[in-house]
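This report concerns only the one structure given below.
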Amino acid sequence: MYREIDLPYVCTVLSNLMGAPVRIYENAEQTYYHSLTNLIVDPIKTQIDKLLNLEGHVGYSIVDNNFYYAFVQNDRTKIIVGPIPFAAEASDQNLKELAFNLDVPPDETDNFVLNMRNLVPMPLHSTIAALLAVNHILNGEKLSMADIIPIEDGELTRSAHLNEETEAGRLNDFENRDFNNSLSVEQAVTRIVRHGDLESLNRYIAQAPAINSGTLAKERLRQAKNTFIVSTTVICRAAIRGGMDVQDALKMSDSYIQQVELCKNAIETFSLQYQMVLDYTTAVNRLKEGAYNSKLVSDVRNYIIHHLSEPIKTSDMAESLLTSRSKLSTKFKEETGVNLSEFIMQEKVKEGKELLHYTDKPLSAISAYLGFSSQSHFSRIFNRIVGLSPLKYREKHR
């Protein structure tokens, strides 16, 4: 006998089974939410427009290199599950940046990070298997895993890695990845370029999620070239935000777009794409390091970038860099002429300038995100280094 489907009940069971938030949307309006974990602010806020526009009865979307969402839908109802973590844990800095972007109150940030870590990791194929059953209930279809996750995704989720032995291995793997046409991947890569973070770029390339690109052209080579042009525009903007001269950045963009048209196959295009991202990241890295061309400065900057939301202690940095606090401080001052503690403040203020310029985040949120003890502390340091108060700087650069 046919019974009416109790969709909230199905979603509650699904959420409890997976340990992930589940939502129901009716005609793009949320009508139900269930989660075992109190996340204070729903992380889907930064992804919802994209997720609601995804087509197909069952699908998924990967968020940078840490989490993914999955969905099942019919003509009027959409069920979205996530965020679901992969096996690898996100760093505290990544989670604090997510909290900042979600406007989580500063005094709730640590609690938000803790609760995000309480989400249960689950392989993508396991989640899709559960949603295939829900899809059968919702749409009467009997889909298979291969209908949802393409074969070229490797082991369906995360097992495909670059072959570090040969350049051919690197390029062949790039051929099966969408390095730039996904909003989530775009966010991850542009952040790396913006900070000139060469260390994270190499690590990201080795672990980047496999995602199918949207169709920009019917013919494969044209598709690769069109994707390259889109990504170059995005990366160019990120480099400008990172401090690269506008004319230099645009000149590099024009040069690469001209070069890609000379590529004879997709492999050449993917190779040029990697080189383009590397060149922009290197250019921003050199600007941020300024006149200091040393491994020590590079190591110190990388540490600051990955602990930006913390009140950074030189003792913790020294321990991470396998040296003593006194030796680190002395050597850094010898190489740069700047006290290490002052350099830390300068780097935080640089990030603060960017946030004041490119976002509408309140000063209280920015100061908390940058690990300052108070808004007044941030304002005092900012004014000393920049010569303007944060609010006057924002007014001047609007």
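The numbers here are math on the coordinates, done by the rules we state, and not lab data. Everything numeric in this text was worked out from a predicted model, so none of it was measured. Glycine gets a Cβ as well: all are built from the backbone with ideal geometry, and neighbour counts include every protein chain shown.
Directionally averaged projected area (segment 1-48, Cα convex hull): 4.2 nm².
Rounded if a/c is under 1.5, else prolate if a/b beats b/c, else oblate: with a ≥ b ≥ c from the C-alpha gyration tensor eigenvalues square-rooted, which is segment 72-124? Taking the square roots of the gyration eigenvalues as a ≥ b ≥ c, segment 72-124 is oblate. Applying 1/(1 + (r/R0)^6) with R0 = 22 Å to the Cβ-Cβ distance of Lys331 and Leu278, what FRET efficiency is obtained, to the nearest 0.05? The value I calculate is 0.15. Computed on the Cα atoms alone, the convex hull of segment 282-398 gives a volume of 109 cubic angstrom per residue. Within straight-line reach of Lys96, meaning a Cα separation under 21 Å, sit the following lysines at least 8 residues removed in sequence or on another chain: Lys45, Lys313, Lys348, Lys350, Lys353, Lys361.
Available extension along the chain between Lys295 and Arg398 is 33.5 nm, counting 0.36 nm per residue and deducting the alpha carbon span. Tell me, what is the FRET efficiency for Lys142 and Thr12 to the nearest 0.05, using R0 = 25 angstrom and their Cβ-Cβ distance as r? Efficiency for this residue pair is about 0.55. Taking other residues whose beta carbon is less than 9 angstrom from the beta carbon of Ser309, and scoring Lys, Arg as +1 and Asp, Glu as -1, yields -2. Note on Val246/Arg384: beta-carbon distance plugged into 1/(1 + (r/R0)^6) with R0 of 30 Å gives a FRET efficiency of 0.60. If the segment from Gln258 to Asn74 were pulled out straight at 0.36 nm per residue, it would be longer than the present Cα-Cα gap by 61.9 nm. When peptides 8-15, 227-234 are ranked by their average number of other Cβ atoms within 10 Å per residue, the highest-first order is 227-234, 8-15.
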